[in-house]
Amino acid sequence: MLRVVVYKMLPLTKMINEKIIYLARHGETLWNTQQRFQGQLDSDLTRLGQQQSRQLAQSLSDKHIDLIVSSIQGRSIATAKICQHQLAVPIITDNRIIERNLGQWQGKYLNQLKAEDIYNEVLHQYTDIAPADGESAKACGTRINNALIDIAKQSADKNILVIFHGEALRCLLLLLGQQLNDHAYNLFANGSICKLRYQPSSEKFQCCSI
């Protein structure tokens, strides 16, 4: 008698062992309150920024985070340390996920920069255009994407929270095909979270809901 065995196929996403990474913008800083572009400069977290950092950790308390990866900039590290206190996990820093270098625009106020001829191309769009001595959106998006792929590969068995920056996040999401047409201050609140699904077979990320 012929015996028929039926095998239940696992979903493709399980078969390729996809990975989830949580990306978060740091807590509010003094310059954020003034809409002053920090870029690769820095300013301290405000009291609200510290509260946002605690709320960030609380919102991920059931996600079994194993590791926090932070930009080397002070505002990200300060946010990461507050999250670490609640999540009780290690922190490592990575200089590849620093904020976009805005060159001579760093330290200037949003209202000042709106008068620049290349304002929209630099801060609303995804182009090769950069401020003087700065980095283009495409260069920043590629840098962040490559760093996150490497982080995902090296931490395949860990649930990761990455804490970095709003403009770098905007550039990354545009590279991933998201339709955005505004500056980072309007797009991403301090302490906000973006969830990415990493597919090892293609070495690509996909945005997904929290």
Quiz item: Does I97 fit the bill of being among the β-branched types (V, I, T), buried (at least 16 other Cβ atoms within 10 Å of the Cβ), modelled with pLDDT of 95 or more and closer than 23 Å to N186 by Cβ?
Solution: yes
Exercise. Among the residues of the range 74-100, write down those that are hydroxyl-bearing (S, T, Y) and in a helix (DSSP H, G or I).
Key: S76, T79
Quiz item: What number of residues in the range 52-67 are assigned to a helix (DSSP H, G or I) and either small (G, A, S) or touching a Ser or Thr at 6+ places or on another chain (Cβ under 9 Å) (or both)?
Solution: 5
Quiz item: Within the range 114-125, can you find the residues that are surrounded by fewer than 19 Cβ atoms within 10 Å (Cβ to Cβ) and either touching a helix residue (DSSP H, G or I) at 6+ places or on another chain (Cβ under 9 Å) or in a loop (DSSP other than H, G, I, E, B) (or both)?
Solution: K114, A115, E116, D117, I118, Y119, E121, H124, Q125
Self-check item: Close pairs (8 angstrom Cβ cut-off, 6 or more residues apart or separate chains): among the polar types (S, T, N, Q) in the range 90-105, buried (at least 20 other Cβ atoms within 10 Å of the Cβ) and in a loop (DSSP other than H, G, I, E, B) anywhere
Solution: N101/G39; N101/E135; Q104/P131
Quiz prompt | Residues that are touching a strand residue (DSSP E or B) at 6+ places or on another chain (Cβ under 9 Å), under 16 Å from Q86 (Cα atoms) and not hydroxyl-bearing (S, T, Y), drawn from the range 56-75 | solution = L56, A57, L60, K63, I65, D66, L67, I68, V69
Self-check item: In the range 31-68, residue surrounded by the fewest Cβ atoms within 10 Å (Cβ to Cβ) [restricted to those that are among the charged types (D, E, K, R) and more than 28 Å from Q106 (Cβ to Cβ)]
Solution: D62
Practice problem: Name, by its number, the condition in (1) part of a loop (DSSP other than H, G, I, E, B); (2) within 19 Å of G39 (Cβ to Cβ) that does not hold for I163. | Solution: (1)
Quiz item: Counting only residues that are free of Cβ contacts under 8 Å to residues at least 60 places away in the same chain and either part of a strand (DSSP E or B) or of a type outside the set (D, E, K, R) (or both), how many does the range 173-207 have?
Solution: 15
Quiz item: For the range 121-141, which residues satisfy the criterion of being over 14 Å from L169 (Cβ atoms) and of a type in the set (S, T, Y)?
Solution: T127, S136
Exercise. Test A130 against the criterion of being without any contact (Cβ under 8 Å) to a residue 40 or more places away in the chain, surrounded by 15 or more Cβ atoms within 10 Å (Cβ to Cβ) and part of a loop (DSSP other than H, G, I, E, B), and give yes or no.
Key: yes
Quiz item: Of the residues that make up the range 16-27, is at least one acidic (D, E) and either modelled with pLDDT of 95 or more or assigned to a helix (DSSP H, G or I) (or both)?
Solution: no
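Per-residue answers, yes or no, for (1) more than 18 Å from I72 (Cα to Cα); (2) surrounded by 14 or more Cβ atoms within 10 Å (Cβ to Cβ); (3) at pLDDT 95 or above:
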{"site": "A156", "(1), (2), (3)": "yes, no, no"}
{"site": "N190", "(1), (2), (3)": "no, yes, yes"}
{"site": "P200", "(1), (2), (3)": "yes, yes, no"}
{"site": "S209", "(1), (2), (3)": "yes, no, no"}
Practice problem: Please list, ordered by first then second residue, the pairs with beta carbon atoms under 7 Å, 6 or more apart or interchain, first in the range 154-172 and without any contact (Cβ under 8 Å) to a residue 12 or more places away in the chain and more than 22 Å from K63 (Cα to Cα), second hydrophobic (A, V, I, L, M, F, W, C) and part of a loop (DSSP other than H, G, I, E, B). | Solution: none
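The values are calculated or read from the model by the stated rules, or taken from the named source; none is laboratory data. In this text the structure is predicted, and so the values were computed from the model without any measurement. Backbone-built Cβ (ideal geometry, glycine too); neighbour counts: all protein chains shown.
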